[in-house]
1. Against the condition at pLDDT 70 or above and in the same structural domain as residue 23 (by TED's automatic domain parsing), how does residue 63 come out, does it pass?
2. Does residue 48 fit the bill of being within 12 Å of the chain's Cα centre (by Cα) and over 14 Å from residue 7 (Cβ atoms)?
3. When the residues of segment 144-159 are narrowed to those that are surrounded by 14 or more Cβ atoms within 10 Å (Cβ to Cβ) and either touching a strand residue (DSSP E or B) at 6+ places or on another chain (Cβ under 8 Å) or without any contact (Cβ under 8 Å) to a residue 40 or more places away in the chain (or both), which ends up nearest to residue 85 (Cα to Cα)?
4. So which helices (runs of 4 or more DSSP H) stay within segment 1-94 end to end and still have 3 or more residues that are over 27 Å from residue 143 (Cβ atoms)?
């Protein structure tokens, strides 16, 4: 799972849609480490994260025709697949329903996290957030909790959760633009 030479996302996905397995390998080489780091962060176990990574790339293979560059970066799309696959795995493991963020919020968080290349960078960037903001981002993205669930868990007003999460996302954009 190492980053190799950059790939042309559009051309690679076109080949994946056509059933080219070498294109899938190129996709895995380019983004496997990123997908694994998201899965590991959510699952907390490397063996389970490996399973989630495999599942995410299988879903990407099966749903390749759904991705278009006009709708967003391939990296963000793969991260969303990994995020959802990990939450599905958590649901299976815990056998209790977890609700994910609203689609709009999940896409926004995924877009912010989409530029992060690995777990070490993710941790470093999260450390730059104030603790109360970092906790909200972690609960929302890695924990798959909605704003209402976060508010209930932290015994905090819903408006405060939304404001702090929005402020955290703005802060992350600023940090990422400086990088």
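1. So residue 63 fits the description; yes.
2. On the way: within 12 Å of the chain's Cα centre (by Cα): no; over 14 Å from residue 7 (Cβ atoms): yes.
So residue 48 does not fit the description; no.
3. Initially, segment 144-159 is screened for residues surrounded by 14 or more Cβ atoms within 10 Å (Cβ to Cβ), giving 144-147, 149-151, 154, 156.
Filter once more, so that each one left must be either touching a strand residue (DSSP E or B) at 6+ places or on another chain (Cβ under 8 Å) or without any contact (Cβ under 8 Å) to a residue 40 or more places away in the chain (or both): 150-151, 154, 156.
Working: 150: 21, 151: 24, 154: 26, 156: 29 Å.
Result: 150.
4. Numbers: elements: 9-17, 21-43, 46-62, 74-94.
In segment 1-94, 9-17, 21-43 are the helices (runs of 4 or more DSSP H) which contain 3 or more residues that are over 27 Å from residue 143 (Cβ atoms).
The values are calculated or read from the model by the stated rules, or taken from the named source; none is laboratory data. Note that the coordinates shown come from a computational prediction; the quantities given were computed from them, not determined experimentally. Please note: Cβ atoms are built from the backbone with ideal geometry, for glycine as well, and neighbour counts cover all protein chains shown.
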